[in-house]
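S.K.: Before I ask anything, let me first share the structure, which is written out below as structure tokens.
Here, each number is a calculation from the coordinates, and none is a lab measurement. The structure displayed is predicted, hence computed values, not measured ones. Cβ placement follows ideal geometry from the backbone for every residue including glycine, while neighbour counts extend to all protein chains displayed.
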Amino acid sequence: MSKTKQNHIKVKDHAVSGEDFLLVFDANYCLYKTTPQPDYLKLPEYYKSDDYISHTDYKRDLKEKLYHTVKQFALKKKLKLINNFQTEAKALLDFGCGTGDFLKVCQKNGWEVTGIEPNQKARDISNQKLKNKVFDVAQLSQLKNNSFDVITLWHVLEHLPNYKQDLEILKKLLKPQGVLIIAVPNFESFDAKYYQSFWAAWDVPRHLWHFSQFSISKLFEELHMRVYKTKPMYFDAFYVSLLSEYYKTGKHNYIKSFFIGLRSNMSALKTGEYSSLIYVVKKNKI
């Protein structure tokens, strides 16, 4: 586990509300918890912004155009990853699927896809692309156990108020030899340490939890699962640095943020602490 962390970090919601929140360190799990956490019924209010890009398909400025350009490349990498774990059924569940682009790519490549997305606006957009293959969270309990080869959560786990409970449900939906693929930001990265309270991937209060590699490993150990493989998300360092630079200075400094992202990835070549990480998780053998 890493060195001692700050017990408390004060962070502003730069994206929507402008409110201040406190990150409280849990030394047992080596993670931070957003405090106070919004009431479950109030939480959707913090997603109601046209600037919350994962719930829209907007390409209004250079930042959004860059996001979607990189997104297309990332979708191909994600597809390549899950293709390593396909069976004849090729059954995929994407939990928190946003506007459905990942599912659409997978569907075109022969996967039988199902999506879960709590945000109505994003769900409507995804269902236009996927012909009603995406459902609200309530539908999760209606899915059949041991039915999916791959379950993915792309930057979703940190949003879940009851993430342990949700993971228990997803574990039951997974086939015995299936894999759970989870991507989350990593507060141990260089860009997180450089930008500190301005680090965009804190994204409070939408991000309720802030994980390290230690916390992810311990979490799945308690769920009787194991982290089979860890993979970097190289482009996250650049995009997160771009947002962080804007939060810090009020300007879109593309050149500086590019070099901070580059430094973060170069640092991670030695430490393994990339801005975001993908965890490939399997059930323990009985």
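S.K.: So for the chain, taking the charge dipole from beta-carbon charges (+1 Lys/Arg, -1 Asp/Glu), which of Ile216, His14, Val70 sits furthest toward the positive end?
M.R.: Result: Val70.
S.K.: While we're on this one: With the contact rule set at Cα under 8 Å and sequence spacing of 6 or more, what percent relative contact order holds for the chain?
M.R.: 18 percent
S.K.: Now, a different point. How far is helix 254-271 tilted, in degrees, relative to the longest principal axis of the Cα atoms in the chain, given as a value from 0 to 90 rounded to the nearest 10?
M.R.: 70 degrees
S.K.: Report, in degrees rounded to the nearest 10, the 0 to 90 angle that the Cα long axis of helix 213-222 makes with the longest principal axis of the chain.
M.R.: With both axes taken from Cα atoms, the answer is about 30 degrees.
S.K.: Between Asp136 and Lys33, what length comes free when the chain is fully extended (0.36 nm per residue of separation minus the Cα-Cα distance, one decimal in nm)?
M.R.: 34.5 nm is the gain from fully extending Asp136 to Lys33.
S.K.: Between Lys193 and Lys251, what is the label-point separation in nm under the 7 Å Cα-to-beta-carbon projection?
M.R.: Rounded to a tenth, the inter-label distance reads 2.7 nm.
S.K.: Determine the gain in length on full extension of the stretch Lys285-Asn7; use 0.36 nm per residue of separation and subtract their C-alpha separation, reporting nm with one decimal.
M.R.: 96.4 nm
S.K.: May I ask which of Lys80/Lys229; Lys12/Lys218; Lys12/Lys256; Lys193/Lys256 have a Cα-Cα span longer than 18 Å here?
M.R.: Violating the 18 Å Cα-Cα cut-off are Lys12/Lys218; Lys12/Lys256.
S.K.: Using only the alpha-carbon atoms, how far is helix 62-82 inclined from the longest principal axis of the chain? Give it as 0 to 90 degrees, nearest 10.
M.R.: Relative to the chain, helix 62-82 is tipped by roughly 40 degrees.
S.K.: Moving to a separate point now. Which value, in debye to the nearest 20, describes the size of the charge dipole of the chain about its Cα centre when Lys and Arg Cβ atoms bear +1, Asp and Glu Cβ atoms bear -1, and nothing else is charged?
M.R.: Charge dipole, the chain, about its Cα centre: 900 debye, nearest 20.
S.K.: Here is a follow-up. Report, to one decimal in Å, the Kirkwood hydrodynamic radius for region 71-181 based on all distinct Cα pairs.
M.R.: Kirkwood radius, region 71-181: 13.9 Å.
S.K.: How do 208-221, 164-177, 256-269 rank on mean C-beta neighbours within 10 Å, highest first?
M.R.: 208-221, 256-269, 164-177
S.K.: How far apart, in nm, are two points set 7 Å out from the Cα along the Cα-to-Cβ line at Glu112 and at Lys71?
M.R.: 2.8 nm
S.K.: Label Arg263 and Lys229 with points 7 Å out from Cα along Cα→Cβ: what is the distance between them in nm?
M.R.: My value for the distance between the label points is 3.2 nm.
S.K.: What does the helix-only formula give at 222 nm for the chain: each DSSP H stretch with n ≥ 4 adding -39500 (n - 2.57), the total divided by the residues, and the result rounded to the nearest 500 deg cm²/dmol?
M.R.: Theoretical 222 nm ellipticity from helices: -11000 deg cm²/dmol.
S.K.: Diagonalise the Cα gyration tensor of region 9-283 and give the resulting equivalent ellipsoid semi-axes, square root of 5 times each eigenvalue, largest first, whole Å.
M.R.: Sorted largest first and rounded, they come to 28, 21, 20 Å.
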